[in-house]
1. Given the options 410, 391, 399, 395, name the one that is over 21 Å from residue 357 (Cα atoms) and surrounded by 20 or more Cβ atoms within 10 Å (Cβ to Cβ).
2. Answer with yes or no whether residue 381 is within 19 Å of residue 74 (Cα to Cα) and part of a strand (DSSP E or B).
3. Six or more apart or on different chains, Cβ atoms under 9 Å: show the pairs whose first residue is in segment 72-84 and touching a residue at least 40 places away in the same chain (Cβ under 8 Å) and assigned to a loop (DSSP other than H, G, I, E, B) and whose second is open to solvent by 70 Å² or more (accessible area, probe 1.4 Å) and of a type in the set (D, E, K, R).
4. Among the residues of segment 214-235, write down those that are open to solvent by 10 Å² or more (accessible area, probe 1.4 Å), under 15 Å from residue 53 (Cα atoms) and in a strand (DSSP E or B).
5. May I ask you to verify whether residue 189 is open to solvent by less than 30 Å² (accessible area, probe 1.4 Å) and closer than 24 Å to residue 239 by Cα?
6. For the structure I just gave you, tell me whether residue 92 is modelled with pLDDT of 95 or more and under 24 Å from residue 256 (Cα atoms).
7. Only one of 380, 430 is open to solvent by 10 Å² or more (accessible area, probe 1.4 Å), among the basic types (Lys, Arg) and under 17 Å from the mean Cα position of the chain (by Cα). Can you tell me which?
8. Suppose we filter segment 125-152 for residues that are farther than 11 Å from residue 105 by Cβ and among the aliphatic types (A, V, I, L, M); how many remain?
Amino acid sequence: MMHIRDHSTGGNKIKNRKKFLAVMAIFCIFPDIYIPNNTDSGHSECIDWLGDVNRTAYSPDSGPDMPIVLWKRNIPGDFDTSPFIIDNKVLILWKDSMYHLSRTKVFLFDLLTGEILYEADPHLIFQVFPAGGRIFGIGIDTLNEIDLDTGKTHFLASIPEKGSYPLFNIYPLVLEDRLIVPCVPATCLSRSDFHVLWNLNDTITDPDLEPFGLTGDESLTFLIMRRDGMRLLAVDTQTGTLKWETSPLHWARWLSLKDNTIYCGGKNLWAFNRDGTQRWVFFPEGYITSNLVLGLDAVYFVDEEDNLYKVDFNGNLIWKTKWEASLQYYETHLIGAGDILYCIGNYGDTSITKSSIVAFNMEDGNTLWNLDLASPFYIKAPPAIGDGILVIGKVGGEVLALASDPDSFVEQGNSFLLRGDEDQAITSFKKAVELNEKKGDISKSQEIQERILEIGTPPETKSPETTPGIPLSIMILIGALIGILIIFYFFIQKKRTD
C-alpha cells in the first residue's frame, strides 16, 4: 500500500493567515521589487543526462559559478539514484539502504526551497523517472506508474528481470511513442498501452546480450552490448531489427549522440557515423572512466590516469588537465551547463569516503571552485541541473541543491514569505545581497536590503500614523468664533421673548 502526504499546506494555517495577508499587502504596495529579471524568459532547460535520450549531459543554460548551498534535506537512508528536475520540482528515489533494501519512497521536493511536496511509499523499486508528465518506477521485473495524486502504484508491464541496469543507473530511453528498457533482452514498450513492440531476443536471437549503455532517436537506437566483447549495435527503433554492429571495442561503456555522430567511450574515444562507419578515434592515456559530456564544440571525459580531456568534434585534443577520478567505475560523473563543467568523484571506501565536486571552465580547463563533502555521505548517482540549480542526491540520506544566481535566493525568499516564514525569507534575501555584491550589482543589493528592513521591523516599533497638529492660535480663534455664535444665539432668543 502506498501512502502519500501533501506537506505543501503544512503548518498552523490560522497562525500564518495574518502574516500571509500582510505579505500579500506588501507585494501589492511594492509590485516592482523582488521580481527576478529573467522571469519573462521562462524556466531554463533542465538536464539530467540519464533522462536525455541523446545522453549529452549538457545544457546551454548556466549553472552555479560558486558552490553556495540553496538548501539541503536530510532523511536517514540512501539516495543512490539520479534526481530529475520537472516543473520546478525534484523527483528522487529514497531507499532505506542501498545494500539491504526493504523499503523505498518517492519524493518530490520544491526546487527552490527543498520543501517536501509529496512522498509516496511504493513497493520495492530500483529506479524512478519522468516521461510525458507521468512518473514511472522500475521493479525487479515490472514497469509501474506512480500516481502521486492518488497515492497508488499501477502495474503497466512485465519486463525481463535479468540485467545489471539498476546498479549502473542506465535508464530507459524515452521516445515519443515508445520506451526502450535496457534489460536482458532489451525490450521496447508502447507508451500508449505498454504492450511489447519488440525485444532483441526476437530480432537478434542472442539471449545473452546485456546493454551497458544506450542512446538514440525515433529512427535508430544505439546500444553497447556484450557480444564477443563489447560492441556498438544499431537497431531500427520501430522494429528492433539489427542494422549494423562494430567489431569489438575494448572496454566500451559510455555512449552519447549529437548531430548524427555517435560517440563511444572505453579504452579509446570512438566517433561513428549513423551508418556505422568510423569517423575517427582518439587515444587517451588510460581507459575512460566517466560518462561523456557533449558540449557546444567538444567532448569532455575523464580517464583512469586522472586526466580530464576536451576533444573537439574532429577528434583533436583542445586541452588536458589533472583531476582525480573515482576509484569505482560508474561513480565518476560529469555534467555541463553553459560554460561550466562539473566533475564529481568519490575517494576511499564506503566508511571513509570523501566526495568532491570541482567546477571547470569549459573553454580553457581552469578550476573555478572546489567543494569537498566529508564521509559518510558520497555521491553514487549523477546530478541534475535546472534553472541554474545543481541538485545532488547522496548516499547517507542527503539531497543537496547548489546555486549562485541571486534571483534564485530572491525567489526562495518570496516562497518563504508566502508561507509566513519571515526568518527564512530574510536569510535567503541576505544571501541574495551577498551574491549581488560579489557580482557587482550594488543597486539590486541595496533594493533587497531595503526589503529586509521592511520585513524585519516589528509592527509595534513603527510610528503610528497621526493627523497633522493644529496650531494653538487657530484653536483659540475657532473657540472665540464658537463663543460669539453662542452669545449671538442667546441674544436673538432674548429679543424674541421680549
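1. Only one candidate passes the filter, namely 410.
2. No, not satisfied.
3. Here the result reads 77/103, each pair linking segment 72-84 to a residue that is open to solvent by 70 Å² or more (accessible area, probe 1.4 Å) and of a type in the set (D, E, K, R).
4. Once the filter is applied, which keeps residues that are open to solvent by 10 Å² or more (accessible area, probe 1.4 Å), under 15 Å from residue 53 (Cα atoms) and in a strand (DSSP E or B), segment 214-235 yields only 220.
5. Against the criterion (open to solvent by less than 30 Å² (accessible area, probe 1.4 Å) and closer than 24 Å to residue 239 by Cα), residue 189 qualifies.
6. In short, yes.
7. 380
8. Of the residues in that region, 6 qualify.
The values are calculated or read from the model by the stated rules, or taken from the named source; none is laboratory data. All of these numbers come straight from a predicted model, not from anything done at the bench. Note that each Cβ is placed from the backbone with ideal geometry, even for glycine, and that neighbours are counted across all protein chains shown. Just the protein is used for accessible areas: all its heavy atoms, side chains included, with ligands, DNA and RNA removed. Shrake-Rupley method; radii C 1.70, N 1.55, O 1.52, S 1.80 Å.
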